[in-house]
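Working notes, structure below.
Where a number appears in this text, it was derived from the coordinates with a stated rule and is not lab data. Nothing here was measured: the structure is a model prediction, and the numbers come from that model. Neighbour counts run over all protein chains shown; Cβ positions are idealised from the backbone, glycine included.
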Amino acid sequence: MTTLKQSSAKAALLVRNHPRALILITIMGTFTVSTPFPMIFHIPRPFLVALACSGYMYWSLKGKIAMKYVQFAIAYLLAFVPASLFHLQEMQVKWLSVLQLMPMLVTFCVLGSYFERWLTRNSDLVKKRRMEMVLLYFFVMALAGILFKSEFKSIENQIYGSRNGQLYSMLDAQRESSVYGGRPTALFSEPSNFAKFLSIFIAAYMTITKCSRRSLFALIAFFFLIRSVSYFYAAPLMIYAWWGSSRVRDAVHRRRAKPGGTRKLIMVAVAVVLIAGVAITQSSRISGAASGKDNSLLGRIVLPLQYMVSNSAQLITGYGLTPQDALANYAIMTYAMQAGSLDTLTPTMAATSTTVTILTGIGLIGLAVFYGLMFMMRRVEGIMILTVFLLSNIINAGYNSSTTFVLSALLVSLLSYQVSVRRARPVVVPPKPVVAPRRALSRRTAAAH
């Protein structure tokens, strides 16, 4: 039986706090890490759900928001200032998107503070049990979604009433069936959204259990259940969790003069299994991407990147606060000219990568401002937060929406927790056994005789 050590050094905080926090976060993620439909009074339902959950969390926090999230939100907005000044005359701002951005930044600050409080105010044993309950729920839901595909589809059609009409074309449905044979959604709007949200919980479970074998088994098992590249959304945190746990164990092995190769072999085995899993489950998409026929990859990343680098001046100064329409229009028109028609276009053409959209908006000057501000306010941790934010959101979509900022809040709060644990817990190595000198032993033996 494994005994889990305490995460925090503050003994006064080590109490069972907010046991329903993960349930609330799971509900929030299910209905906010989503495509914008359906609409309620012409307002996206995910936006309203995010605001409602954030309101409760703010009340639970008693208004105490961690400064690091406020600093990130301020730096995020200030990064767009150079682009806005350079294009003040010709820039067209999509004000509805800006009005959506501001509450979502508030959601980012509140949710990040709420999740980090739960991580720091519970023992590792309590967190482990709670996390396993949520992962068990996702496993049952995923398995049930595969076994009872038609029943789950009818439930999802009730939850997302416009799903078949507006979110997916017939081509997408055919691809989902022919390439994957149907993937579970666990009541999320898409398998990819489920995969992104779940990946953060897997990374948290790996962190809490110090990358136990059970957590590595969960990492592999859930990938083969979901079969989505979006499952690696939290890959930077998974790697950091492994690195942090390995450094402690390697130090202990060196002190005991024992080889620490077992964990390295496990790491290599896990990496090989995941790479093989990607090659097997994504073979059709890999071949399509290699031949330039993967619409999702083209619309989300390739064509938007092409637009971003095509204008060197705009690459440096940035487009401005709302570049998403320009990116989507470029992707659609470029693809239409290459394909010769608009008939094969899919809605994924408008689902541009969040990171590509941000970089297009702020440009290289804004990116330098972003990194500079984060370093000034948070030092190395700020650089880590921004880097992980940009890396993970390459495979995300939903600029200025709840999908971006709910996932990013959980991502940043977990990374901050990992950093704080790494700093607070020095590597403890067992002392060397004291062996009496041979001469002293011989004298004692002679005296006894």
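Per-peptide packing, taken as the mean over residues of other Cβ atoms within 10 Å, places 220-233, 399-412, 90-103 in the sequence 399-412, 220-233, 90-103 from highest down. Suppose R0 equals 56 Å. What FRET efficiency, 1/(1 + (r/R0)^6) with r the Cβ-Cβ distance, do Ala276 and Val81 give to the nearest 0.05? The pair Ala276/Val81 has a calculated efficiency of 0.75. Set the Förster distance to 25 Å, then compute FRET efficiency between Phe148 and Ser284 from the Cβ-Cβ distance, nearest 0.05. FRET efficiency, Phe148 to Ser284: 0.50. Label sites at Ala52 and Ile383, each approximated as a point 7 angstrom past Cα along Cα to Cβ, lie 4.3 nm apart.
Pairs exceeding a 32 Å alpha-carbon distance, out of Lys153/Lys293; Lys94/Lys196; Lys149/Lys264; Lys62/Lys127; Lys128/Lys293: Lys149/Lys264; Lys128/Lys293.
Let me know the shape class of segment 59-103, please: from the alpha-carbon gyration tensor, a ≥ b ≥ c as square roots of the eigenvalues, rounded when a/c is under 1.5, otherwise prolate if a/b is greater than b/c, or oblate. Because a/c hits 1.5 or more and a/b fails to exceed b/c, segment 59-103 counts as oblate. Placing unit charges on the Cβ atoms only, positive for Lys and Arg and negative for Asp and Glu, gives segment 13-426 a dipole magnitude near 2400 debye about its Cα centre. Distance between the 7 Å Cα→Cβ label points at Val309 and Lys64: 4.8 nm.
Placing dummy labels 7 Å off each Cα toward the beta-carbon, the span from Ile316 to Ala336 is 3.3 nm. Report note on the peptides 48-58, 134-144: ranked by the mean count of other C-beta atoms within 10 Å, highest first, their order is 48-58, 134-144. At full extension, Ile23 and Met267 could sit 84.7 nm farther apart than now, given 0.36 nm per residue minus the alpha carbon distance. Were the residues from Phe41 through Asp325 laid out at 0.36 nm apart, the gain over their Cα-Cα distance would be 99.9 nm. A Förster radius of 25 Å combined with the Cβ-Cβ distance from Leu187 to Arg129 puts the calculated FRET efficiency at roughly 0.60. Rounded if a/c is under 1.5, else prolate if a/b is larger than b/c, else oblate: which is segment 13-426, with a ≥ b ≥ c the root eigenvalues of its Cα gyration tensor? Verdict is rounded for segment 13-426.
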